[in-house]
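Chemist: A single structure is presented below for examination.
The values are calculated or read from the model by the stated rules, or taken from the named source; none is laboratory data. Just so it is clear, the structure is predicted and the values come from calculations on it, not from any experiment. Cβ coordinates were reconstructed from backbone atoms using ideal geometry, including for glycine residues, and neighbour counts include every protein chain displayed. What goes into the accessible areas is simple: the full protein's heavy atoms, side chains included, and nothing from ligands, DNA or RNA. Shrake-Rupley method; radii C 1.70, N 1.55, O 1.52, S 1.80 Å.
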Amino acid sequence: MPGQPVAQTSTSGLPLASERRLSSARSWPTYPKGKDFMAVTINTLREYKQKGEAFSALTSYDATFAQVVSEAGVDVILIGDSLGMVLQGHDSTLPVTMEQIVYHVSCVAKGNHGSLIMADMPFMSYGTVDAALENAAKLMRAGAHMVKLEGTDWMKDTITALSERAVPVCAHLGLTPQFVNKFGGYKVQGRDEKSAEIMIDHACELVAAGADIILLECVPAPLAARIAKAVTAPVIGIGAGSDTDGQILVLHDMLGITTGRKPRFVKNFLAENNSIQEAIAAYAKAVSERKFPAEEHTFKA
């Protein structure tokens, strides 16, 4: 129609927004984009680890933000059960249901432009191997490329069963929010040497069982660095220092719009930028250059 702006494309044929993924310091994969195409895969993350290149992850829960996040160059999108707190207003992640996660995964999959999609398995959805297989299948059919489970060595059989049936797995260690009632609150984990050694052992055992990624939340930076060196799988950190292979934040936290107490590991990237798109791109760039997290965002033993 006359007068209607036409989306500009780069010489590679990609939208200019997507071209930002290819023009950063890192060599982004120059693959064509499509609804079902995965520009970032688990092999991409493994290559980053081998090269010592940090990668970024953010939560997202809808198609619009999924497109913005993926086109900003963020490698991994997590549909987290954190939606129970930032979207639904609960004081924990426990009320989130499988049906709700499946719905949000399907929304994100429609807007995603090349990021790897990881989906949380909500509270008690993987209490048995059979339940884990059934529920993981729902998430994968909805558009997830990987599922995330919270727990320790008791998950080994479940992870092996999922891996053997073509479901990639991220194992979440450290502060696992679904265990908030067992922990007695949201507390840093692994601060003493005994608990640190146990966490290292658990990470190694879960990778041996088939876990493709380890996610560490709220653990001392020196411990996270030890785990990242001890396992062959990529390690993502949140409140775990800058020596992990990747970083993740809750979208609402890094935009500075979460109400209540701000966690130590959070930085408001919107405060230094003029738009949400710029803030997300700045986050991805800061992670890739290992400028985030800084010392003030980390925990000590």
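Chemist: Run the paramagnetic zone check for PHE183: 7 angstrom along Cα to Cβ, then residues of the range 220-238 with backbone nitrogen under 15 Å.
Modeler: 220-221, 224, 237-238
Chemist: Can you compute the helix-only [θ] at 222 nm over the chain? Use -39500 (n - 2.57) per DSSP H run of at least 4 residues, normalise by all residues, nearest 500 deg cm²/dmol.
Modeler: Here the helix-only value at 222 nm equals -11000 deg cm²/dmol.
Chemist: Cα centroids of the range 90-104 and the range 191-212: how far apart, whole angstrom?
Modeler: 27 Å
Chemist: Could I ask something else about it? Take ASN43 and GLU99, extend 7 Å from each Cα along the Cα→Cβ direction, and tell me the distance between the two endpoints in nm.
Modeler: Spacing of the two 7 Å Cα→Cβ label points: 3.9 nm.
Chemist: Let me ask something else. Over the range 161-276, what is the mean sequence separation of C-alpha contacts under 8 Å (at least six apart), divided by residue count, expressed as relative contact order in percent?
Modeler: Contact order relative to length: 20 percent.
Chemist: If we count every other residue with Cβ under 14 angstrom of GLU295's Cβ, Lys/Arg +1 and Asp/Glu -1, where does the sum land?
Modeler: Once positives and negatives cancel, what remains is +3.
Chemist: If I model a spin label as a point 7 Å beyond the Cα along the Cα-Cβ vector, how far apart are those points for SER106 and ASP91 in nm?
Modeler: Using points 7 Å along Cα→Cβ, the separation is 3.3 nm.
Chemist: Still on this model: Enter the accessible area per residue of the range 77-137 (Å², integer; probe 1.4 Å; all protein chains in place).
Modeler: Working: 2250 Å² over 61 residues.
Value for the range 77-137: 37 Å² per residue.
Chemist: Another question about this same structure. Starting at the first residue of the range 55-72, write each ³J(HN,Hα) from the Karplus equation 6.51 cos²θ - 1.76 cosθ + 1.60 with θ = phi - 60°, in whole Hz, x for Gly and Pro.
Modeler: Result, rounded to whole Hz: 10, 10, 9, 9, 7, 7, 9, 9, 5, 5, 5, 4, 5, 4, 5, 5, 6, 7.
Chemist: Related question: Taking the structure as given and computing Cα extents along the principal axes in Å, which label from (1) 81, 47, 32; (2) 67, 41, 39; (3) 48, 47, 39 fits?
Modeler: (2)
Chemist: What list of ³J(HN,Hα) couplings, whole Hz, do you get for the range 241-249 from phi and the Karplus terms 6.51, -1.76, 1.60, once you set θ to phi - 60° and write x for glycine and proline?
Modeler: Karplus-based 3J(HN,Hα) across the range 241-249 equals x, 9, 8, 6, 6, x, 10, 9, 9 Hz.
Chemist: Now a separate question. What does the charge add up to near LEU206, with Lys and Arg as +1, Asp and Glu as -1, over the other residues with Cβ less than 13 Å from its Cβ?
Modeler: -4
Chemist: Expressed as a whole percentage, what fraction of the accessible surface of the chain belongs to carbon and sulfur atoms when a 1.4 Å probe is rolled over the protein heavy atoms? Walk me through the numbers before you get to the answer.
Modeler: On the way: 7250 of 13660 Å².
Within the chain, the accessible surface is 53 percent carbon and sulfur.
Chemist: Under the definition of Cα pairs under 8 Å and six or more residues apart, what whole-number percent is the relative contact order of the chain?
Modeler: Here the relative contact order equals 17 percent.
Chemist: Shifting gears a bit: Under a crude label model (7 Å from the Cα following the beta-carbon direction), how far is GLU197 from SER275 in nanometres?
Modeler: Label-label distance for GLU197 and SER275, simple model: 5.4 nm.
Chemist: Another question, then. Give me the net charge of VAL180's neighbourhood, meaning all other residues with Cβ under 10 Å from the Cβ of VAL180; Lys, Arg count +1, Asp, Glu -1.
Modeler: In short, +1.
Chemist: Let me ask you something else. Could you compute the FRET efficiency for ALA301 and THR232, with r as their C-beta to C-beta distance and R0 at 25 Å, rounded to 0.05?
Modeler: Calculated value: 0.55.
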